[in-house]
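*Asks:* Let me give you the structure first, and then I'll get to my questions.
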Amino acid sequence: MNPQKTVAPRSRTAGSTAPTAETPTLITSAQRALRLLEAAAGHPAGATAKQLARDTGLALGTAYHLLRTLVHDQYLERVDGRYLTGPAVAGLAREDSPTAGRTRLNRLLGRLAHELSAAVYFSWYKHGEVELVAAAAAPGAPTVDARGFRAGAHAHSAGKTLLALMSAEERRAHLTRYPMVPFTPYTLRDPAHLPLLPRQGPQRAAPITQYQEYLMGFAGAAVPIVLGSGIAAVSLTLPMTQAHRLAQAAAQLRTRIGDDITTAAFGL
């Protein structure tokens with residue numbers, strides 16, 4: 001009869017740590033997915049898989065695998081090759097929270113962008129600054145580089161609309177901080193040539209347009225939104241190769257601005 005063998009306990013590899021009350025078990029894939037979700041939320045206009053992989057330090061293959069899962073479960077949406085936060089994210093927050101409001105706004109802008117086949121933006125004048133809040137691209141109509149958005153308010157249609165809604169004092173203060181420098185050969189240089197809009201009933205005004213004043217190769221149009229003392233603009237841009245569509249797209253944009261966008265935007 002063979003004697004019973006005694007099996008020694010398997011030793012742990014170097015660097016491994018047994019879960020304890022002080023060191024809980026962490027699921028790496030869950031951490032990586034959440035990092036991707038946070039990174040995508042930081043790009044209002046959406047980001048490519050490569051961009052999100054760079055932002056999170058993940059291998060591209062790993063990022064693709066997790067992004068597919070997040071899209072499947074509607075935490076992200078894939079629009080024209082870019083990833084944006086999806087409808088499931090809104091369910092993680094109260095309906096009246098800024099997070100839920102931003103998610104609704106992103107979805108509304110995404111829908112508008114695809115209806116109009118144009119890049120669509122929401123911007124406002126808040127705390128004395130012109131700010132781009134959210135944007136959505138469409139196939140054949142990418143969002144423009146927004147790094148000069150604040151300083152170039154006199155050049156793009158959204159900024160012109162916000163300047164048009166400001167009081168004389170607010171407009172003067174903005175132009176003192178951000179002079180009307182030329183972004184292109186077509187940029188306006190004289191404050192007297194900037195349009196003006198009444199605070200009461202500005203939606204009845206014609207959309208404000210620009211052609212290659214902010215960025216060569218792009219045209220834009222914007223419509224105003226006023227809620228109490230708050231002023232904002234919803235705008236669109238098109239490549240100059242599609243500039244013949246600008247007037248019609250701007251008119252369609254004007255008819256589609258309703259309480260849903262106003263509530264989502266000013267609820268942030």
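The values are calculated or read from the model by the stated rules, or taken from the named source; none is laboratory data. Given the structure is predicted, the values throughout are model-derived calculations rather than measurements. Every residue, glycine as well, gets a Cβ built from its backbone with ideal geometry; the counts of neighbours run over all protein chains shown. The accessibility values were calculated without ligands, DNA or RNA, using every heavy atom of the protein model including side chains. Shrake-Rupley method; radii C 1.70, N 1.55, O 1.52, S 1.80 Å.
*Asks:* Sort 127-139, 170-182, 59-71 by the packing proxy (mean of other Cβ within 10 Å over each peptide's residues), most packed first.
*Replies:* Ranked from most to least packed, the peptides come out as 127-139, 59-71, 170-182.
*Asks:* Here's something else I'd like to know. How large, in percent, is the carbon and sulfur part of the accessible surface of the stretch 172-228 at a probe radius of 1.4 Å?
*Replies:* Accessible surface attributable to carbon and sulfur in the stretch 172-228 totals 61 percent.
*Asks:* Can I ask one more? Hey, quick one: spin label on Gln242, modelled 7 Å out along Cα-Cβ, who in the stretch 105-119 has an amide N within reach, i.e. under 18 Å?
*Replies:* Counting backbone N atoms under 18 Å from the label point, the list is 108-119.
*Asks:* So if we plug the beta-carbon distance of Asp260 and Gln31 into 1/(1 + (r/R0)^6) with R0 = 41 Å, what FRET efficiency do we get, rounded to 0.05?
*Replies:* Calculated transfer efficiency: 0.75.
*Asks:* Considering only protein heavy atoms and a probe of 1.4 Å, how much of the accessible area of the stretch 101-171 is carbon and sulfur, as a whole percent?
*Replies:* 49 percent
*Asks:* How large is the accessible surface per residue of the stretch 25-71, computed with a 1.4 Å probe and reported in Å² as a whole number?
*Replies:* 56 Å²
*Asks:* By per-residue mean of other Cβ atoms within 10 Å, what is the highest-first order of 256-263, 148-155, 73-80?
*Replies:* Listed from highest to lowest mean packing, they are 148-155, 73-80, 256-263.
*Asks:* Okay, moving on. Scaled to the compact-protein estimate 2.2 N^0.38 Å, what is the alpha-carbon radius of gyration of the stretch 104-208, rounded to two decimal places?
*Replies:* Ratio of Cα Rg to 2.2 N^0.38 Å: 1.11.
*Asks:* Still on this structure: Among 208-220, 183-195, how do they line up by average Cβ neighbours within 10 Å per residue, starting with the highest?
*Replies:* So the order, starting with the most tightly packed, is 208-220, 183-195.
*Asks:* Counting heavy atoms of the protein chains only and a 1.4 Å probe, report the per residue accessible area for the stretch 161-268 as a whole number of Å².
*Replies:* 50 Å²
*Asks:* Does the stretch 138-268 come out rounded, prolate or oblate by the C-alpha gyration tensor, with a ≥ b ≥ c the root eigenvalues, rounded set by a/c under 1.5 and, if not, prolate when a/b is larger than b/c and oblate if not?
*Replies:* oblate
*Asks:* Could I ask something else about it? Give me the accessible area of Ser167, 1.4 Å probe, in Å² rounded to the nearest 10.
*Replies:* Estimated to the nearest 10 Å², Ser167 gives 50 Å².
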